[in-house]
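Before any comments, here is the structure.
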Amino acid sequence: MVMRLPEGDRLSMSRDKLHADLAVAMGGRIAEELIFGPGKVTTGASSDIKMATDMARRMVTEWGMSEELGPIHYGSDREEVFLGYSMGGNQQGISGTTAAKVDAEVKKIVSNAYDSARKTLMDYKHELEALARALLEYETLNGEEIPRVIRGEPLDRVTSEQEAAERKRRQKSGSVPAAGGADFGPEPTGA
């Protein structure tokens, strides 16, 4: 799972920023394809795909960021079950033709983000493979470690295998110290 921390409070975002966020959302799925092969992709990117689809839909239906459909608000403020159709029917008078155009625009925006992310990851495949190896070894990386891994620098961390061996060693030796060897200070005296 990838967590992105907010860069600060935002009241509005530019089209370029939205497209960049969409490409980032597609990155996990593409990384799986490139590292493990298309037949080995998992469901791990499902929340990213949902977020990207929802964002693209809002770009088209709420924020007027579709050249095809223009600066028009389509749909209702209720959650939409399908890309162009609200639960309970077509509440805003969107024709079937317009709904199909909305779907096509959403697909085009997400597909462009997918293609952009694929190109970036192909251009930086060596770095992607270095990160994949580090994640397999350490399971998580923080923001300071990622550039070090990309530069090929070693991380001064205990690997998950080393942690497991240490836990096993502690379990064998017991977690409670043996009696008789502890010094708790002088014996209390009677008053």
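Some observations on this one:
- Subset of region 23-61 that is in contact with an Asp or Glu (Cβ under 6 Å, 6 or more places away or on another chain) and over 18 Å from Val106 (Cα atoms) - its residue that is surrounded by the most Cβ atoms within 10 Å (Cβ to Cβ): Gly28
- Residues within region 141-173 that are surrounded by 11 or more Cβ atoms within 10 Å (Cβ to Cβ) and hydroxyl-bearing (Ser, Thr, Tyr), tallied: 2
- Of all residue pairs spaced 6 or more apart or on separate chains, none has beta-carbon atoms under 6 Å together with a first member in region 39-59 that is in the same structural domain as Val106 (by TED's automatic domain parsing) and over 30 Å from Pro71 (Cα atoms) and a second member that is modelled with pLDDT of 95 or more and exposed (fewer than 12 other Cβ atoms within 10 Å of the Cβ).
- Residue in region 44-62 that is of a type in the set (Asp, Glu), touching a Gly at 6+ places or on another chain (Cβ under 9 Å) and in a helix (DSSP H, G or I) present: yes
The values are calculated or read from the model by the stated rules, or taken from the named source; none is laboratory data. Bear in mind the structure is a predicted one, so any value in this text is a computation, not a measurement. Note that we place each Cβ from the backbone using ideal geometry, even for glycine, and neighbour counts take in every protein chain shown.
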